[in-house]
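All remarks here apply to the structure that follows.
The numbers here are math on the coordinates, done by the rules we state, and not lab data. Note that this is a predicted model, so its numbers are computed, not measured. In this analysis, Cβ positions are derived from the backbone assuming ideal geometry, glycine residues included, and neighbour counts consider all displayed protein chains.
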Amino acid sequence: MLMKILKLLFLNRNVILILGVVAGLVWGKGAVWTESLIFPALALVMTIATMGIESGSLRSVRGILGPVCIGIVMNYLVLSGVIILLSKYLITDSNLQAGFILIAAVPPAVAVIPFSFLLRGNSAFSLLGTLGGYLGALVIMPLMAIAFFGTSFVSPLRLIIIMAELIFFPLAAGHVLHWTGIDKRFEYMKGPITNWSFSLITYTIVGLNQEMFIHRPLSLVPTALIVVASTFMLGWLIEIVCKKFLRIPAETVTSLVLLGTLKNYGIAGGLALALFGKEVASPSTVSAVFMIIYIIWLEWKLHRGVRSKGPAP
């Protein structure tokens, strides 16, 4: 019985993600060693998530240009606009404001694609929308840097490298594994690999900022309010508008919600540390932790909806 319980716990996505947060708070020193594993872990997750995306499905999502443009609109016009407005009126600390501007400037979270897969969204749409966000970032990030900071702060070449490492190469690897049939040999391992990879990433982010979470939690309240508003509340509004007024299919709505609520907090935090300092990076850290809570909530809502429908007649 004990073994069955332990097996269930270590295969449960929510338990695994929460374990990453708790481990980071209790023993953050190990995050120094795991920091270099974040990109490989994300690339592995992306490869698994894109295995099931057929080339034909990419052509069937009303062409390529539409989803690409929608990805830019959702992540920059909608999400970045909300983040900038909220930080302007709710944050007085200049360091925290700079941190939120960096979050608004970066492209969508690469995790939009695997999370779309886990939440039964439209994976092809999410892939193209995320790609659109990264292509848009090549122009939008420098423009936002000039507008808010007065100087350029990221190289377009760096963004191209990130896209290659976390989108293009994993997509190619996923297609090769799917085409050769190798992916079917470890089908049962896809879930655990994805869950534990995200747990490792979560542990690293929390562990690197352990002191802030433990010793200065009250200083994070205004930051947390903005993060909650730009994820939970904004996601709810996007879902209502898409389902009630636009009549968009549920799986595409899931992709739109993810594109409109998740940023690449890893890039934002890295830029903050490199260009400004630890205080400016704190909004990215808080956002990364709340992203895990947000995904757990979305998954719970998905399963609740499935249960409420009951068995098919």
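Assign unit charges at the C-beta atoms only (+1 for Lys and Arg, -1 for Asp and Glu), then state the dipole size of the range 14-303 relative to its Cα centre in Debye, rounded to the nearest 20. Provide the component values of the computation, followed by the final result.
Values: 16 positive and 11 negative charges, 87 e Å.
Around 420 debye, computed over the range 14-303.
For VAL32, VAL206, VAL45, what's the fewest-to-most ordering of other Cβ within 10 Å of each Cβ? Before the final figure, lay out the partial values.
Numbers: VAL32 11, VAL206 24, VAL45 27.
The order, fewest Cβ neighbours first, is VAL32, VAL206, VAL45.
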What list do you get for CYS242, CYS69 if you sort them by fewest beta carbons within 10 Å? CYS69, CYS242
Within 14 Å, Cβ to Cβ, of ILE296, how many net charges do the neighbouring residues add up to if Lys/Arg are +1 and Asp/Glu are -1? +2
Under 5 Å from the placed amide H of LYS263, counting only residues 5+ away or on other chains, we find ALA109
Along the charge dipole of the chain, pointing to its positive end and built from +1/-1 on Cβ of Lys, Arg, Asp and Glu, which listed residue (GLY150, LEU298, GLY269) has its Cα farthest out? LEU298
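For the chain, rounded, prolate or oblate, judged on the Cα gyration tensor with a ≥ b ≥ c (square roots of eigenvalues), a/c < 1.5 rounded, else prolate if a/b > b/c? Each step should come with its number before you reach the end.
Details: a/c = 1.38, a/b = 1.17, b/c = 1.18.
Because its axes are fairly even, with a/c under 1.5, the chain counts as rounded.
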Pull out the extension gain between LEU225 and ARG304, defined as 0.36 nm times the separation in residues minus the alpha carbon to alpha carbon distance; nm, one decimal. 25.9 nm
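Can you sort THR285, THR254 from fewest to most other Cβ atoms within 10 Å of each residue's own Cβ? All intermediate terms of the calculation are to be shown ahead of the outcome.
On the way: THR285 23, THR254 26.
Least crowded to most crowded, the residues run THR285, THR254.
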